[in-house]
Amino acid sequence: MANAQQNMVQESLQLPEGDYPKGRSFFDLGYLWALFRRNLWLILGIVGLGLALALAATLLATPQYRASATLQVNESADQVLGDEDADSAGNIWDYERFLQTQLDLLTSRSLAERVEKTLELSEDPAFFEAQGIAASSLPDSREERAKMAIWTLRSGLSAERPRNTRIVPIAFESGDAAVSAKVVNAFAEQFIQASLQSKYNSSAYARGFVSDQLTEAKQRLETSEQALNDYAREKGLIRLADPTASDTASNGAGSITTASLIQANEAAIQAKASRIAAEARWNAVSRSPLFSSQAVLGDPTVAGLLASRSRIEAALAEERSRRLDEHPAVQAKLAELAQVKADLNQAANNVRRSIRSQYDAALSAEKQLNSQVNQFKGDTLSEQDSSVQYALLAREADTNRQLYDELLQRYKQLNAAAGISASNITIIDQAQVPAVPSSPSLLFNLALGLLLGGAAAGAAVLLRTELDDSIRVPEDVEEKLGLSLLGVVPDQGDEDLDVLLADPKSIISEAYGSLRGNLLFATPQGIPQALLVTSSQPGEGKSTTSRALAGSFARIGKTVVLVDADIRRPSLHRILGLSNKIGLTSVLTGQTMLSDTIQTNDDVDFDFVTAGPTPVAPTELLSSTQMQVLIDELADKYDLVIVDSSPVLGLADAPTLSALVDAVIYVVEAGGGRRGALKSSLRRLRAMRPNILGAVLTKFDTRDAANSYSSYYGTDQYQYRAEDR
């Protein structure tokens with residue numbers, strides 16, 4: 001523990017003046033337990049008062065009876081004339097809004113008025129008595145009683161918004177069970193009737209509105225169709241199909257002119273193809289020898305003559321092989337061959353002339369058809385100029401026709417659906433007369449009283465803790481004063497302090513031993529050589545701390561001198577049983593030498609310098625150069641000089657001495673010092689810019705321990721831990 005506290009002291013010395021460590025968490029269980037023990041009777045009193053009030057409220061309250069019914073609320077009713085599913089799932093957010101709308105309608109004033117009129121509650125004294133309204137306090141006017149009844153109905157009705165279901169529970173609470181059941185059932189029935197009435201009213205309005213729109217649409221349709229016909233007659237347009245139809249562009253049959261153009265263009269294309277084919281045949285025949293053309297050779301007449309020529313040539317060759325050329329048989333064959341060749345040339349020329357004639361005919365047909373196409377193109381372009389306005393008029397007429405057809409269909413549906421009503425609200429469970437009251441509930445009220453009492457007790461403890469600015473627990477030293485905690489000295493009660501200090505195993509000795517361990521590592525050089533021990537006010541234990549520290553350091557082999565610098569009210573000489581005839585003031589005034597004032601005692605292991613006679617001007621004496629010389633002289637002779645000074649508040653002695661020593665130890669009494677006084681004294685002390693090592697919390701009641709200190713200090717004995725050795 002000494003190492004941990006030493007680290008804490010060193011870290012605190014790094015904090016600038018005025019910077020405080022973070023406060024402890026309010027959810028520290030040890031701290032909460034300490035608060036509970038400290039404020040036990042306050043907590044028990046407030047909680048008991050809450051339970052008593054809850055019990056009294058339960059006994060004095062009038063029993064209330066709560067009757068409830070359940071409704072199923074769908075998004076739409078079943079469609080009598082339609083095929084769509086009325087309960088089809090939609091957007092969950094849309095249904096949430098729809099359901100909230102239905103709940104608002106259920107709790108609306110208009111529905112309460114329907115219930116009041118149906119049940120005639122303004123003339124029913126039993127209803128007002130069930131709501132705690134005496135008949136004698138009712139107004140004479142029926143309208144005023146009706147308003148009061150409506151307000152009472154809305155106040156007593158409750159409708160819960162369901163989650164993940166279409167079942168809506170509604171309830172009504174009153175002092176009469178039968179009245180509660182009657183009212184909640186009336187609300188359910190009137191809610192359905194109001195929904196049907198709303199649909200009927202909206203349907204009547206819709207029929208009238210659609211009828212007016214249908215008349216206007218019919219007039220617009222007649223006007224647009226008449227304008228279309230007049231324009232077509234004026235421009236001489238004969239339409240084979242609607243120019244606004246989607247297939248007009250594809251079939252090209254918008255008008256007679258367009259149809260003729262299409263037909264002529266198709267014929268021209270075919271004629272061009274025929275001309276190209278005929279021209280190709282003619283070019284092939286005209287540019288090759290007569291009998292090398294495939295068209296000539298393929299002619300049947302030419303093919304037959306070629307066969308005859310071959311036969312005659314074969315017969316001529318046979319005759320010549322047997323006879324002379326002058327022989328009549330040879331001459332006959334030659335004449336026959338000449339005739340066949342003449343016929344063959346004529347037949348081939350006839351084939352060539354036939355191909356030429358076909359080419360000329362195809363070329364002429366192509367020219368004629370191209371001329372017709374050009375003529376139809378001009379007519380079509382002219383007609384298209386007129387068709388622009390025609391298409392606009394036709395489109396307007398078509399739009400009016402569609403609108404008229406839709407309105408006519410809707411009007412027929414509304415007329416067919418008139419008088420047929422289906423509600424989207426269904427009563428699942430009707431309200432039954434409750435047998436037992438729903439309130440007041442003793443257990444609920446007691447639990448509520450316990451909860452509110454506990455909350456009030458917690459608030460009272462918190463307020464008391466916040467308003468209490470005294471230093472009670474070790475954590476307060478760092479949180480409220482911004483000082484490092486050097487040690488905690490428990491309250492010894494009625495036990496003899498000298499006996500406790502003499503016993504190394506006593507709780508007091510161990511506490512000061514822990515303080516000694518922290519001081520040994522207070523600075524990088526070890527314990528400061530000259531220490532000042534002070535407090536904000538008398539009686540906080542600074543003199544005891546000074547004496548205990550001197551004895552503790554002396555036991556570990558240090559040479560220690562204890563100087564009583566509280567020259568206004570010296571006390572250490574009486575505690576140690578020493579003479580105070582000469583002392584610190586005698587040296588400071590030059591009456592004696594320092595060596596003559598140092599005293600010893602067989603009961604302690606350290607030397608002592610008493611305060612000496614009380615001077616006339618203590619502050620001037622302590623702030624003199626002789627005081628600094630005295631401290632330096634003692635520091636040269638001893639390992640440790642401990643100066644016990646007077647309190648800080650109201651006196652300048654302690655701040656003056658703090659500037660002359662190496663370090664200051666600040667003693668705070670647990671539960672005795674208020675934070676305002678402590679901080680004021682610290683400001684006075686810090687004005688001299690001393691080296692304040694930290695604070696020692698004395699007279700600490702272990703019952704106030706908030707955290708780890710409760711395991712170090714018990715109510716019976718001190719628990720020594722191995723890590724603190």
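The values are calculated or read from the model by the stated rules, or taken from the named source; none is laboratory data. Because the structure is a prediction, the values reported are computed rather than measured. All Cβ positions, glycine included, derive from the backbone under ideal geometry; neighbour counts span all protein chains shown. To get the accessible areas, we keep the full protein, side chains included, count just its heavy atoms, and leave off ligands, DNA and RNA. Shrake-Rupley method; radii C 1.70, N 1.55, O 1.52, S 1.80 Å.
What the table shows:
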quantity	calculated
Residue in region 37-63 that is farthest from A455 (Cα to Cα), counting only those that are of a type in the set (S, T, N, Q) and in contact with a helix residue (DSSP H, G or I) (Cβ under 7 Å, 6 or more places away or on another chain)	T58
A194 vs. criteria assigned to a helix (DSSP H, G or I), open to solvent by less than 20 Å² (accessible area, probe 1.4 Å) and over 13 Å from L103 (Cα atoms)	no
Criterion (of a type outside the set (A, V, I, L, M), open to solvent by 60 Å² or more (accessible area, probe 1.4 Å) and outside any helix (DSSP H, G or I)) met by exactly one of R163, R154	R163
Pair list, Cβ < 8 Å and 6+ apart or interchain, from region 130-145 residues that are of a type in the set (F, W, Y) to residues that are in a helix (DSSP H, G or I) and surrounded by 10 or more Cβ atoms within 10 Å (Cβ to Cβ)	none
Residue within region 72-86 that is modelled with pLDDT under 90 and assigned to a strand (DSSP E or B) present	yes
Evaluation of K480 against (1) in a helix (DSSP H, G or I); (2) without any contact (Cβ under 8 Å) to a residue 12 or more places away in the chain (one fails), failing number	(2)
Condition check for V183: modelled with pLDDT of 85 or more and part of a helix (DSSP H, G or I)	yes
Pair list, Cβ under 9 Å, 6 or more apart: region 436-452 residue assigned to a helix (DSSP H, G or I), other residue at pLDDT 85 or above and not hydrophobic (A, V, I, L, M, F, W, C)	L448/G50; G449/G50; L450/G50; L451/G50; L452/G50
Among the residues listed as N374, N349, N400, N415, the single one being modelled with pLDDT of 80 or more and either within 30 Å of A177 (Cα to Cα) or assigned to a helix (DSSP H, G or I) (or both)	N400
Count of residues meeting criterion [surrounded by fewer than 21 Cβ atoms within 10 Å (Cβ to Cβ), without any contact (Cβ under 8 Å) to a residue 40 or more places away in the chain and assigned to a helix (DSSP H, G or I)] in region 576-596	3
Check on S246, open to solvent by 80 Å² or more (accessible area, probe 1.4 Å), farther than 30 Å from S158 by Cα and modelled with pLDDT under 75	yes
Matching residues in region 545-565 - criterion: being open to solvent by 20 Å² or more (accessible area, probe 1.4 Å), on the phi < 0 side of the Ramachandran plot and not hydroxyl-bearing (S, T, Y)	R547, R555, I556, K558
Residue match in region 160-179 (condition: hydroxyl-bearing (S, T, Y) and in contact (Cβ under 8 Å) with a residue 60 or more places away in the chain)	yes
Qualifying positions in region 117-151 - surrounded by 12 or more Cβ atoms within 10 Å (Cβ to Cβ) and among the hydroxyl-bearing types (S, T, Y)	T118, S122
Residues that are of a type outside the set (G, A, S) and out of contact with any helix residue (DSSP H, G or I) (no Cβ under 6 Å at 6 or more places or on another chain), drawn from region 644-656	P647, L651
Helices (runs of 4 or more DSSP H) wholly inside region 608-725 containing at least 1 residues that are at pLDDT 85 or above and open to solvent by 60 Å² or more (accessible area, probe 1.4 Å)	618-622, 625-637, 675-686
Count of region 172-189 residues which are touching a helix residue (DSSP H, G or I) at 6+ places or on another chain (Cβ under 6 Å) and surrounded by fewer than 22 Cβ atoms within 10 Å (Cβ to Cβ)	3
